[in-house]
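Asker: Starting off with a structure, shown below.
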Amino acid sequence: MLRIEGVSAAIAGVQVLRSVSLGLTSGRTTILIGRNGAGKTTTLRAIMGLLPVQGGSVRLDGEEIGTTPAYRRAAQGIGYAPEDRRLVPEFSVEDNIVLPALALSLPAAERTRRLDEVYALLPQLKTMRKRPGGGVSGGQGKMVALGRALMVARTALLLDEPFQGLAPALALDYARTLGDLKRSRPDLAILVTESTPALLDAIADETLQIERGEIG
């Protein structure tokens, strides 16, 4: 469904990815593990179109999207939750969640339907929906970022280091949520990057390792 083949990328002239290939399939969860600086985040950013690739291909359902702008990839159903959350602090939690759907000009009825889906999976977000984005904890912010990504994730969901910085109880809660998501959205392909993936063992269908920009 979503496949990158031989993708290379550099940041500020430094080679980060070296001919990286991986494929995502509906209903399967892929875990990409590696140390800090190994290329995990860069791989996700390359898939999302947030940095140019030097070579290789990015294909969605067989269609080349390697030069497609990031916002168009979101419109094609790829949701992305970055490691640093990137919430708009002045917006409410709900406004932060709905923001990508507004940016894509989804009809009001569809926005409401998707928001209801998010709240069913993450009821704690509904409880805090009126709080400002700048007033949530780091762990809560990770959940908000997940909800925001799910507003557009119809085909694939990319999660960058979702457990980093989470207290143990919140990490377990997040892992349980991903298990619920996997069961409730069997159409969704999920890619998660992690340094220590033990909490994902129960839902991982495939585990890949990246080292120095190469997947072994």
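Throughout, read-outs are computed from the coordinates displayed, never taken from laboratory work. From a predicted model like this one, the values you see are computed outputs, not experimental measurements. Neighbour counts run over all protein chains shown; Cβ positions are idealised from the backbone, glycine included.
Asker: For the range 175-216, what class follows from the C-alpha gyration tensor (a ≥ b ≥ c being the square roots of its eigenvalues): rounded when a/c is under 1.5, otherwise prolate if a/b is larger than b/c, else oblate?
Answerer: prolate
Asker: Moving on. Compute from the Cα atoms of the range 48-90 the Rg and the Dmax, the latter being the longest Cα-Cα distance, and quote both in angstrom.
Answerer: Final numbers for Rg and Dmax: 12.3, 40 Å.
Asker: Another question, then. Between GLY147, THR177, PRO197, whose Cα lies farthest towards the positive end of the dipole of the chain when Lys and Arg beta carbons carry +1 and Asp and Glu beta carbons carry -1, centred on the Cα centre?
Answerer: Farthest towards the positive pole: GLY147.
Asker: Continuing with the same structure: Taking Cα centroids, how far is the range 111-139 from the range 66-108 in Å?
Answerer: The two parts, judged by their Cα centres, are 14 Å apart.
Asker: Same structure again: Classify the range 131-189 from the C-alpha gyration tensor, please: rounded if a/c falls under 1.5, else prolate or oblate depending on whether a/b exceeds b/c.
Answerer: It comes out oblate by the Cα gyration axes.
Asker: For the range 144-199 and the range 1-41, what is the centre-to-centre distance using only Cα atoms, to the nearest Å?
Answerer: Using only Cα atoms, the two centres lie 17 Å from each other.
Asker: Among all the lysines, which ones have a C-alpha under 29 Å from LYS126's C-alpha, if same-chain residues fewer than 8 places away are not counted?
Answerer: Once the sequence-local lysines are set aside, what remains near LYS126 is LYS142, LYS182.
Asker: In terms of modelled amide H atoms, which long-range or inter-chain residues lie less than 5 Å from the amide H of TYR80?
Answerer: Those qualifying (amide H under 5 Å, at least 5 residues apart or on another chain) are LEU158.
Asker: Return the sequence-ordered ³J(HN,Hα) values of the range 89-103 in whole Hz as given by the Karplus equation 6.51 cos²θ - 1.76 cosθ + 1.60 applied to θ = phi - 60°, using x for Gly and Pro.
Answerer: x, 7, 7, 5, 4, 5, 4, 4, 5, 7, 3, x, 5, 5, 4
Asker: Kindly identify the range 68-195 as rounded, prolate or oblate by the Cα gyration tensor criterion: order the square roots of the eigenvalues as a ≥ b ≥ c, call it rounded if a/c is under 1.5, otherwise compare a/b with b/c, prolate if a/b is larger, else oblate.
Answerer: rounded
Asker: Please report, in debye to the nearest 20, how large the charge dipole of the range 128-200 is about its Cα centre when each Lys and Arg carries +1 at its beta carbon and each Asp and Glu carries -1 there.
Answerer: For this selection, approximately 400 debye.
Asker: I would also like to ask the following. Using the Karplus curve 6.51 cos²θ - 1.76 cosθ + 1.60 with θ = phi - 60°, work out ³J(HN,Hα) for each residue of the range 16-30 in order, rounded to whole Hz, and write x for Gly and Pro.
Answerer: Couplings: 10, 10, 10, 6, 7, 9, 6, x, 10, 10, 3, x, 10, 10, 10 Hz.
Asker: Restricting to DSSP loop positions (anything but H, G, I, E, B) with no more than 13 other Cβ atoms inside 10 Å of their own Cβ, which GluC sites (Glu not before Pro) remain in the range 16-119?
Answerer: Qualifying residues, ordered by number: GLU90.
Asker: Under a point-charge model restricted to the Cβ atoms of Lys and Arg (+1) and Asp and Glu (-1), what is the dipole moment magnitude of the chain relative to its Cα centre, in debye to the nearest 20?
Answerer: 380
Asker: In addition: Got a sec? How would TYR80, TYR174, TYR119, TYR71 order by Cβ neighbour count within 10 Å, fewest to most?
Answerer: TYR71, TYR119, TYR174, TYR80
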